[in-house]
1. Any idea how many residues of the stretch B:165-197 are within 18 Å of B:LEU75 (Cβ to Cβ) and assigned to a loop (DSSP other than H, G, I, E, B)?
2. Would it be correct to say that B:ARG250 is over 15 Å from B:LYS181 (Cα atoms) and either loosely packed, with under 13 Cβ neighbours inside 10 Å or more than 14 Å from every other protein chain (Cβ to nearest Cβ) (or both)?
3. Could you list, in sequence order, the residues of the stretch B:214-231 that are among the hydrophobic types (A, V, I, L, M, F, W, C) and either touching a strand residue (DSSP E or B) at 6+ places or on another chain (Cβ under 7 Å) or surrounded by 21 or more Cβ atoms within 10 Å (Cβ to Cβ) (or both)?
4. When you look at B:PHE192, is it surrounded by fewer than 21 Cβ atoms within 10 Å (Cβ to Cβ), hydrophobic (A, V, I, L, M, F, W, C) and within 23 Å of B:LEU238 (Cα to Cα), yes or no?
5. If you go through the stretch B:157-177, how many residues are open to solvent by less than 20 Å² (accessible area, probe 1.4 Å) and within 23 Å of B:ARG256 (Cβ to Cβ)?
6. I need a count of the residues in the stretch B:133-164 that are among the hydroxyl-bearing types (Ser, Thr, Tyr) and part of a helix (DSSP H, G or I).
7. For the list (1) more than 25 Å from B:PHE259 (Cα to Cα); (2) within 11 Å of chain B (Cβ to nearest Cβ), I need the number of the one condition that A:GLN186 fails.
8. Which ones in the stretch A:202-247 are within 11 Å of chain B (Cβ to nearest Cβ) and assigned to a helix (DSSP H, G or I)?
2 protein chains.
Amino acid sequence: MKASLVLFLSMAAVLPVSAKIVTRAVPYEQGGVKLEGWLAYDDAKATPAHPAPGVLVIPEWWGLNDYPKGRAEQLAALGYVAFAADRFGAGVVTTDPKQAGELAGQFYGKPLMADRARAGLDQLLKSGRVDASRVAAIGYCFGGATVQALAFSGAPLAGIVSFHGSLIAPSAEAATGTRAKLLICQGAVDPFIPKEQVDAFLKALNDGKLDFQFVSYAGAIHAFTNLKADDMARRAGLNGIGYNAAADRRSWEHMRSFFAEIFAVKP
Amino acid sequence: MKASLVLFLSMAAVLPVSAKIVTRAVPYEQGGVKLEGWLAYDDAKATPAHPAPGVLVIPEWWGLNDYPKGRAEQLAALGYVAFAADRFGAGVVTTDPKQAGELAGQFYGKPLMADRARAGLDQLLKSGRVDASRVAAIGYCFGGATVQALAFSGAPLAGIVSFHGSLIAPSAEAATGTRAKLLICQGAVDPFIPKEQVDAFLKALNDGKLDFQFVSYAGAIHAFTNLKADDMARRAGLNGIGYNAAADRRSWEHMRSFFAEIFAVKP
């Protein structure tokens, strides 16, 4: 073998394959509402011939703004096919907590919460690049609550990750039907999540014998993964939300190791 | 450059260096008690010229049996210098919960708890292969409580990991003097750790603004990392302790990612 070829081969083993992150808006519909999600994948790592694990991304109550789209692109860079779902309608985003609360309020406690997320999951699977046996959902704040509701609806997910989500205690029946493993990442001093909510949630998970990991991150308040949280809090006059770099980095690492586990073996 | 040399260099970058895990018993003394710990390192990864991060390992209340020695060897395989400390006296181990309770009972609530662990830390540093700016302590059950006490005594540790430890709420003064970051790994249904203990612990960590991560693992009871826990429980007629493979694997991974963070940069 020629030296140049050996050198090329040895470098090829070390350097990443030149890859391109592909993103595109995907229109879809659920319950008569026109929606538009955001698909992201690395076209060298996820192909129709070699499908990759898929990750559904559910936004905060602000709607499908740049934050969940950026997360989808980060997930694509890790080799996953990611779909950031829409729940409010194509282009509906807000920075007003009152409007956000009204938008999110349509979903809490109703089957629509899981149903609309499920429509996003269907779009992820329709990408043609996803291994349907290896799919997870992650969500932020209201989106964290949504992926819990999706899991408790019995959706075919290997796992969910909830970041600073409101906590939904599943009924015994919902727990029985749950297939997903749960990674719950919470700020230790999140003023939006009362201790009673945490206690009731953990009790329901324990009673239902669900497979979960619950992580509490020191010093973190609501929205701790969102770099723009401080800015949004200031502009909206909203207390109790803010970025926390350590909790963001740690919870992302915990998500990665969770994915390594749940995507390791095909069922 | 000759092809053979290139080939050699490219392989050297990929294949691990042939390494040897060195272990040896280390006699030492504290408070008039003759102790004997267990040192483990990879002599290719931790040398006097290139010291490695160090990890102190504090055993369960059974004493320095094969379990903590095995953990020290696992840590050595990861490239750390590990020292499994003795607290009860050279060769003092038991499988009798009553005797274990008496042995451990000498330490709880007393400065001796941190002092004796500190003597083990000194031995770790004296190995001559440890980067003193990158040292952590891990502990199991009573050893988990001990590494908390060591951290709260102000010991020069980058971090501690407590596995299924009793939880010691630090005083405000102790919290102020604490330098270590904390990773606390608990079984979600550990009957040895009352909920009031968890609540008081987390409150003290939050009030003291300590840097912690608290992880609760589904379905795990006391001693969940110890493969022999079921056997020991049966033989001792002890309820509430048992191995949990998922919680063991996950907490070990969380420890590894915690070490990657706290050992990443030299202060």
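The values are calculated or read from the model by the stated rules, or taken from the named source; none is laboratory data. Small disclaimer: the values here were computed from a predicted structure and weren't measured. Methodologically, a virtual Cβ is constructed for each residue, glycine included, from the backbone with ideal geometry; neighbour enumeration extends over all protein chains shown. For accessibility, only protein heavy atoms count, side chains too; no ligands or nucleic acids. Shrake-Rupley method; radii C 1.70, N 1.55, O 1.52, S 1.80 Å.
1. Result for the stretch B:165-197: 2.
2. no
3. Once the filter is applied, which keeps residues that are among the hydrophobic types (A, V, I, L, M, F, W, C) and either touching a strand residue (DSSP E or B) at 6+ places or on another chain (Cβ under 7 Å) or surrounded by 21 or more Cβ atoms within 10 Å (Cβ to Cβ) (or both), the stretch B:214-231 yields B:PHE214, B:VAL215, B:ALA218, B:ALA220, B:ILE221, B:ALA223, B:PHE224, B:ALA229.
4. So B:PHE192 passes the test.
5. Total satisfying the criteria: 9.
6. Result for the stretch B:133-164: 1.
7. Unmet for A:GLN186, out of (1) more than 25 Å from B:PHE259 (Cα to Cα); (2) within 11 Å of chain B (Cβ to nearest Cβ): (1).
8. Scanning the stretch A:202-247 gives A:LEU202, A:LYS203, A:LEU205, A:ASN206, A:ASP207, A:ALA246, A:ALA247.
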